[in-house]
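For reference, the structure discussed in these notes is given below.
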Amino acid sequence: MPKSHDYFIRSATDFGRLITMNVTSEGRYLEFKREVHGWPVPATMPEPERRKAQKELCRDVSQFANTDGGCLLVGVDEITNSMGLHVASRIESVVQPDGLKAWIEQAITNYCVPWAFDRHLEAIPIGGDIVVAVNVEPSFHTVYIGTRRTRRWRCWSGRVTASAASTPTSWRDTS
């Protein structure tokens, strides 16, 4: 059985080995996103909308952390094939990849508890385009998404969600 590390993409060679357009499908260890909502951050983007966009990204990342790990590829568009699978269809180059990596790290730090799970972000040139790979290791602790202000936490594990109004009761409880 494959492991999440088998799907980590750290270079153009890894991308070429693992991704075949119109063939490779999303699955337990691999997810595609053409773009990240809210990136690049428009000057007029209201703060609540930015927070919502960052939490949405954290949901995808925490699903990998709370299961067996995996790779989120930003800059890879997908289509639904005749069997209903979401398959990679084309590369949509990421704008300002270093800024996106910093934005993703900021989102994880702000909204994931604990935020110290292992992940590796790579900007990978593919031909004349760039994709960003977010390679996420499985976490030893459950990764929740929430804010200190509201003290509302959610846990994403695969496609199943669980809510908790007071768990964890503080940031320290999950370390």
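Data overview
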| read-out | value |
| --- | --- |
| Likely footprinting exposure, Ile9, Ile126, Ile79, fewest C-beta neighbours within 10 Å first | Ile79, Ile126, Ile9 |
| Interchain or long-range residues, amide H under 5 Å from Arg119's placed H | Glu137 |
| Added length on full extension, which subtracts the Cα-Cα distance from 0.36 nm per residue, Asp6 to Glu35 | 8.1 nm |
| Computed FRET value (nearest 0.05) for Glu105 with Ser82, which takes r as the C-beta separation and R₀ as 30 Å | 0.20 |
| Assigned charges on the beta-carbon of Lys, Arg, Asp, Glu; region 4-140 dipole about Cα centre (debye) | 180 debye |
| Relative contact order of region 4-140, defined on C-alpha pairs under 8 angstrom at six or more residues apart (%) | 32 percent |
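Read-outs throughout are calculated quantities, based only on the coordinates presented, and are distinct from any laboratory measurement. Keep in mind the model is a prediction, meaning the values are calculated, not measured. Neighbour counts run over all protein chains shown; Cβ positions are idealised from the backbone, glycine included.
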